[in-house]
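The values are calculated or read from the model by the stated rules, or taken from the named source; none is laboratory data. Owing to the predicted nature of the structure, the values given are computational and were not obtained by experimental measurement. Virtual Cβ from ideal backbone geometry, glycine too; neighbours counted across all protein chains shown. For accessibility, only protein heavy atoms count, side chains too; no ligands or nucleic acids. Shrake-Rupley method; radii C 1.70, N 1.55, O 1.52, S 1.80 Å.
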Amino acid sequence: MSEFISPRNLASSLEARAKHPEYVPIAGGTDHMVASKDRGAPAGMINLFGLSELSEVSELEGGGLRIGACVTYARVLDDERVASRFPVLSSACREVGASQIQARGTLGGNIATSSPVGDSLPALLALGATICVASVDGERRIPYEEFLLGYRKVDLAGNELIVAIEVPVQHKGAVQTWRKVGTRRAQSISKLTMAAVAHLDDGKIAGIRIALGAVADRTVRAKAAEAALLGQSPNDESATRAIKALAGEIVPIDDVRSNADYRLGVAQNLVRRFVLSL
Ligand SMILES: Cc1cc2nc3c(=O)[nH]c(=O)nc-3n(C[C@H](O)[C@H](O)[C@H](O)COP(=O)(O)OP(=O)(O)OC[C@H]3O[C@@H](n4cnc5c(N)ncnc54)[C@H](O)[C@@H]3O)c2cc1C
């Protein structure tokens, strides 16, 4: 039978993680319990859900927010600061599963699972988030883009835990957009997702981040499309150049939920619409 440890604080969790790197950390359990049907029970579990140090949203200097790894989607949705400063993240959280999953699933769990269709991931990537991980040896802060290493693979050592996500303040007047394409409004695993953040200066695109899910082995930035748009006026011409660039840089996945051609076409439509919305 698996040992189930429920540490009382972060320090004890990190000690347990160092002592038992083979034990599985568990937050809401909404990914782990489903996966354990196939994988079988682990040697042990370290329960993180509800740990106060991982469940808070706090202010960062300059207007950013530090969101604890065990903050649930429901808690994100309750936070006025997230809604007003990072609407793209609130919108993504609102479309995860349905109420039950939102009450239990955590951002840290979504990030650690790192499915190419994880819904909070494109939003965090488009916002330029930093992932904070910790072990008994101290804390590391990694730009989210570098934290993503491959298919369901992140830069997390066996003795580390994700402790928080830091989201920097965005440019004043930045437009933030979230789009999830699935088969229905709730309990739908995404066919494709897009999160985008951009701002204009004197009618030209002065900053832009476009992140897509389900178009590669991991969530990715559409950097060629971004480069095609930077410094341009948002119009039909620049949108056309951007979606051509996009076709050259993404390799959408083919799976039971959709196929690569459909995903490419939809990704191009979403990017075009975003550009024209600016
Ligand atoms: C019915 C259903 C619908 C769903 N719908 C969606 C959806 O629409 N969109 C979506 O993106 N996901 C969806 N999911 C997947 C899941 O709910 C999310 O990925 C959720 O965020 C996982 O968080 P959790 O806290 O439950 O993770 P857990 O299941 O507790 O953990 C998942 C993995 O992360 C690791 N982990 C968790 N926390 C940490 C930490 N702090 N540090 C290091 N490792 C950690 C665990 O060891 C485990 O490997 C759905 C799941 C179900 C069952």
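Points worth noting:
- Single residue of the stretch 37-69 satisfying the filter (within 11 Å of the ligand (Cβ to nearest atom) and among the hydrophobic types (A, V, I, L, M, F, W, C)) that is most open to solvent (accessible area, probe 1.4 Å): PHE49
- Pairs linking a residue in the stretch 52-81 that is in a loop (DSSP other than H, G, I, E, B) to a residue that is open to solvent by 40 Å² or more (accessible area, probe 1.4 Å) and within 13 Å of the ligand (Cβ to nearest atom), with Cβ atoms under 8 Å and 6 or more positions apart or on different chains, are SER55/ARG75; CYS70/PHE49; CYS70/GLY50.
- Residue that is in a helix (DSSP H, G or I), open to solvent by 40 Å² or more (accessible area, probe 1.4 Å), within 18 Å of THR177 (Cα to Cα) and at pLDDT 95 or above, where the choices are ARG209, ARG272: ARG272
- If the condition is being surrounded by fewer than 24 Cβ atoms within 10 Å (Cβ to Cβ), within 15 Å of ALA92 (Cα to Cα) and of a type in the set (S, T, N, Q), then the stretch 115-160 contributes only SER115.
- Residue in the stretch 170-177 that is farther than 30 Å from ASN9 by Cα, small (Gly, Ala, Ser) and modelled with pLDDT of 95 or more present: yes
- Residues located in the stretch 70-81, provided they are open to solvent by 40 Å² or more (accessible area, probe 1.4 Å) and within 12 Å of the ligand (Cβ to nearest atom): ARG75
- Per the listing LYS223, LYS191, LYS204, the residue uniquely out of contact with any Asp or Glu (no Cβ under 6 Å at 6 or more places or on another chain) and closer than 22 Å to ASP254 by Cβ is LYS191.
- Filtering the stretch 247-259 to residues that are out of contact with any Leu (no Cβ under 8 Å at 6 or more places or on another chain) and part of a helix (DSSP H, G or I) leaves GLY248, GLU249.
- Qualifying helices (runs of 4 or more DSSP H) (wholly inside the stretch 82-178; at least 1 residues being more than 10 Å from the ligand (Cβ to nearest atom) and hydrophobic (A, V, I, L, M, F, W, C)): 87-94, 99-104, 120-126, 144-147
- The stretch 138-195: number of residues that are in contact with a helix residue (DSSP H, G or I) (Cβ under 6 Å, 6 or more places away or on another chain) and of a type in the set (Phe, Trp, Tyr): 2
- Annotation: of all residues in the stretch 212-235 being small (Gly, Ala, Ser) and farther than 23 Å from VAL154 by Cβ, the one that is most open to solvent (accessible area, probe 1.4 Å) is ALA227.
- Boolean, THR219 is assigned by TED's automatic domain parsing to the domain that holds ARG263, among the hydroxyl-bearing types (Ser, Thr, Tyr), in contact with a strand residue (DSSP E or B) (Cβ under 7 Å, 6 or more places away or on another chain) and more than 30 Å from ALA18 (Cα to Cα): no
- Residue within the stretch 190-200 that is among the charged types (D, E, K, R) and more than 10 Å from the ligand (Cβ to nearest atom) present: yes
- From the list VAL34, VAL24, the lone residue that is open to solvent by 30 Å² or more (accessible area, probe 1.4 Å), within 12 Å of GLY109 (Cα to Cα), free of Cβ contacts under 8 Å to residues at least 40 places away in the same chain and within 10 Å of the ligand (Cβ to nearest atom) is VAL24.
- Test: residue in the stretch 253-266 that is surrounded by 15 or more Cβ atoms within 10 Å (Cβ to Cβ), in contact with a strand residue (DSSP E or B) (Cβ under 9 Å, 6 or more places away or on another chain), among the hydrophobic types (A, V, I, L, M, F, W, C) and touching a residue at least 60 places away in the same chain (Cβ under 8 Å): yes
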